[in-house]
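Trainee: Let me begin by handing over the structure; questions about it come next.
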Amino acid sequence: MPPTSTLAAPPSTRGSEFAPLLRLAKERGLLGRRAGYYIRTITFNALALAATWAGVLMLGGSWWVLLLAVPLAVLCGRTAFIGHDAGHQQIARSRGVNRVLGLVHGDLLLGMGYGWWNDKHNRHHANPNHVGKDPDVEVGALVWSRAQAVQREGFARFLAKHQARLFFPMLLLEGFALKVATVQDLRRRPPRDRAVEAVLLAAHLAGYVALLLTAMPVGTAVVFAVLHHALFGLHLGCSFAPNHKGMAMPEDDGQRWGHLRRQVLTSRDVRGGRATDWFLGGLNYQIEHHLFPSMPRPHLRLVQPLVREHCQRLGVPYAEAGLMESYAQALRHMHAVGAPLRGA
């Protein structure tokens with residue numbers, strides 16, 4: 001498939017394709033809240049984080065403490081997934097409760113701005129993979145279309161030329177980039193939201209630094225912080241990379257997709273069992289998540305057969321791959337995007 005492509009929906013069916021699927025999901029009760037699931041998930045995550053930090057305090061005098069950066073990065077990934085679900089109103093019926101959960105798990109526990117992420121992520125969901133509308137395919141350190149690639153100059157051109165090879169190493173910087181973007185965005189937040197998030201972000205920074213410096217010498221603390229954030233960024237990047245890269249990228253050509261095609265044709269599911277569900281935070285059901293963004297995470301695997309069958313009846317391609325193959329497809333897309341810069 002070329003780096004960018006469009007698939008038109010039959011005009012007579014665009015408006016009605018999603019309605020039967022939505023009705024079926026409602027009849028099965030799949031849009032209902034799962035309070036018990038989230039209470040268990042949040043409690044387990046909090047206890048595991050506390051236990052890991054207790055281990056850091058116990059081992060802080062030894063370089064062996066660096067090993068704990070691995071489980072801490074994974075648990076921070078779990079924390080981000082909880083914030084993600086709160087942002088989509090998956091956890092509680094109350095928007096206020098979901099916002100509090102998002103602020104705690106984003107700003108306070110991770111030092112990542114809930115308001116910044118929520119705004120950016122909602123724009124992504126509205127127009128996934130749509131250049132000019134989806135912030136996730138804007139020009140940044142990487143590019144997502146050949147049109148973007150050929151406009152790069154200097155070191156940015158070098159990155160675009162070799163971005164497939166550099167993708168995973170660059171993810172090691174993602175944990176730091178998310179915090180930088182959070183601080184940069186604070187000035188755009190409404191005054192009240194900016195004040196709340198600034199206090200929580202400051203509390204996160206003070207608590208993080210205090211824990212590290214209480215547990216270990218400064219040099220070890222710096223190495224631990226760098227390793228923790230590098231692994232956290234790699235983990236998050238590995239969770240998001242399979243979802244849309246290499247899938248259709250709609251263009252402003254006068255054609256309009258309905259909700260079902262706009263979400264299904266731009267997304268890819270990742271096959272796997274419960275371990276994959278856990279490690280990817282349910283984002284392996286990316287098609288289902290995009291169709292039903294407020295559906296609780298544990299219901300995504302239940303609605304998947306319904307979505308797959310519905311797409312089959314309509315003749316809508318339903319993309320699914322194993323984890324390694326999904327990464328390979330994403331990397332092939334990034335390699336193809338950089339081809340003009342390599343003279344291919």
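The values are calculated or read from the model by the stated rules, or taken from the named source; none is laboratory data. All values derive from a computational prediction rather than experimental measurement. In this analysis, Cβ positions are derived from the backbone assuming ideal geometry, glycine residues included, and neighbour counts consider all displayed protein chains. Surface areas here come from the heavy atoms of the whole protein model, side chains and all, with no ligands, DNA or RNA. Shrake-Rupley method; radii C 1.70, N 1.55, O 1.52, S 1.80 Å.
Trainee: Tabulate in residue order the Karplus-calculated ³J(HN,Hα) for region 317-323, using 6.51 cos²θ - 1.76 cosθ + 1.60 with θ = phi - 60°, rounded to whole Hz; enter x for Gly and Pro.
Mentor: Karplus-based 3J(HN,Hα) across region 317-323 equals x, 10, 8, 8, 8, x, 4 Hz.
Trainee: Per residue, how much accessible area does the chain show when a 1.4 Å probe rolls over the protein heavy atoms, in square angstrom? Provide the component values of the computation, followed by the final result.
Mentor: Values: 16010 Å² over 344 residues.
Counting only protein heavy atoms, the per-residue value for the chain is 47 Å².
Trainee: Work through the residues other than Arg194 whose Cβ is under 15 Å from its Cβ and net out their charges, Lys, Arg +1 and Asp, Glu -1. Could the numbers behind the result be given before it?
Mentor: Values: positive: Arg99, Arg187, Arg188, Arg189, Arg192; negative: Asp107, Asp119, Asp185, Asp193, Glu197.
Value of the local net charge: 0.
Trainee: For the chain, what does -39500 (n - 2.57) per DSSP helix run (n ≥ 4), summed and divided by total residues, give at 222 nm, in deg cm²/dmol to the nearest 500?
Mentor: On the way: 16 runs with 204 residues, N = 344.
Value at 222 nm, helices only, nearest 500: -18500 deg cm²/dmol.
Trainee: With a 1.4 Å probe and all protein chains kept in place, how do Arg297, Arg187, Arg40 rank by accessible area, largest first? Intermediate values should be presented prior to the final figure.
Mentor: On the way: Arg297 30, Arg187 190, Arg40 150 Å².
The residues order as Arg187, Arg40, Arg297, largest area first.
Trainee: Tell me which residues come under 5 Å, amide H to amide H, from His130 once H is placed; ignore anything under 5 positions away on its chain.
Mentor: For His130, whose amide H was placed from the backbone, there are no distant partners under 5 Å.
Trainee: Sticking with this one: Hey, could you get me the Stokes-Einstein D for region 132-238, Kirkwood radius over alpha-carbon pairs, 20 °C and 1.002 mPa s, rounded to whole µm² s⁻¹?
Mentor: Details: Rh = 16.3 Å.
Reported coefficient: 131 µm²/s.
Trainee: Can you give the FRET efficiency for Ser62 and Leu323, using 1/(1 + (r/R0)^6), R0 = 56 Å, r = Cβ-Cβ distance, to the nearest 0.05?
Mentor: Efficiency, rounded to the nearest 0.05: 0.95.
Trainee: Give me the net charge for the shell around Gln89: Cβ to Cβ below 15 angstrom, other residues only, Lys and Arg +1, Asp and Glu -1. Write out the running numbers ahead of the final one.
Mentor: Numbers: positive: Arg33, Arg34, Arg93, Arg95, Arg99, Arg297; negative: Asp85, Asp119.
Here the charged neighbours net out to +4.
Trainee: Could you pull out every one of the aspartates and glutamates with an alpha carbon less than 12 Å from that of Lys161, ignoring same-chain neighbours closer than 8 positions?
Mentor: By straight Cα distance, Lys161 reaches Glu153.
Trainee: Over region 215-330, with a single point scatterer placed on each C-alpha, what log10 of the ratio I(q)/I(0) does the Debye formula yield at q = 0.14, 0.15, 0.24 1/Å?
Mentor: Values returned for q = 0.14, 0.15, 0.24 Å⁻¹ are -0.64, -0.71, -1.39.
Trainee: First obtain the Kirkwood hydrodynamic radius of the chain from its Cα pairs, then insert it into the Stokes-Einstein equation at 4 °C and 1.567 mPa s, and state the resulting D in µm² per second as a whole number. List each step's numbers first, then the result.
Mentor: Values: Rh = 21.4 Å.
Roughly 61 µm²/s, to the nearest whole number.
Trainee: What is the Å³ per residue value for the convex hull set by the Cα atoms of region 13-119?
Mentor: Details: hull volume 14.4 nm³, N = 107.
Cα-based convex hull of region 13-119, divided per residue, equals 135 Å³.
Trainee: I'd like the Karplus ³J(HN,Hα) series for region 123-136: coefficients 6.51, -1.76, 1.60, θ = phi - 60°, whole numbers in Hz, and an x wherever there's a Gly or Pro.
Mentor: Using θ = phi - 60°, the values come out as 5, 5, 5, 5, 9, x, 6, 8, 4, x, 10, 8, x, 6 Hz.
Trainee: OK, next. Quote the charge dipole size of the chain about the Cα centre in Debye, to the nearest 20; the model charges only the Cβ of Lys and Arg (+1) and of Asp and Glu (-1).
Mentor: So the dipole magnitude of the chain works out to roughly 460 debye.
Trainee: Tilt of helix 174-185 relative to the longest C-alpha principal axis of the chain, in degrees (0 to 90, nearest 10)?
Mentor: 90 degrees
Trainee: Note down the accessible area of Met170, probe 1.4 Å, to the nearest 10 Å².
Mentor: 50 Å²
Trainee: Of all the stretches in the chain, which is the longest one without any exposed loop site, taking GluC sites (Glu not before Pro) in a DSSP loop (any state but H, G, I, E, B) with at most 16 other Cβ atoms within 10 Å? Kindly include the intermediate steps, with their values, before the conclusion.
Mentor: Numbers: sites that count: Glu138, Glu153, Glu251.
With GluC sites (Glu not before Pro) excluded where exposed in loops, the chain gives 1-137 as its longest stretch.
Trainee: Now for a separate question. 5 Å is the cut-off here: which amide hydrogens, built 1.01 Å from N in the peptide plane, fall below it relative to Glu320, excluding neighbours closer than 5 in sequence?
Mentor: Amide H neighbours of Glu320: Asp269.
Trainee: Count the net charge of all other residues whose Cβ sits under 12 Å from the Cβ of Gly272, scoring Lys and Arg as +1 and Asp and Glu as -1.
Mentor: Values: positive: Arg271, Arg274, Arg301; negative: Asp269, Asp277, Glu320, Glu325.
Here the count lands on -1.
Trainee: Tell me, what ³J(HN,Hα) does each residue in region 201-215 have, in order and in whole Hz, if you take phi through Karplus 6.51 cos²θ - 1.76 cosθ + 1.60 with θ = phi - 60° and put x for Gly and Pro?
Mentor: Listing the rounded values in order: 5, 5, 5, 4, 4, 5, x, 4, 5, 4, 4, 5, 6, 6, 7 Hz.
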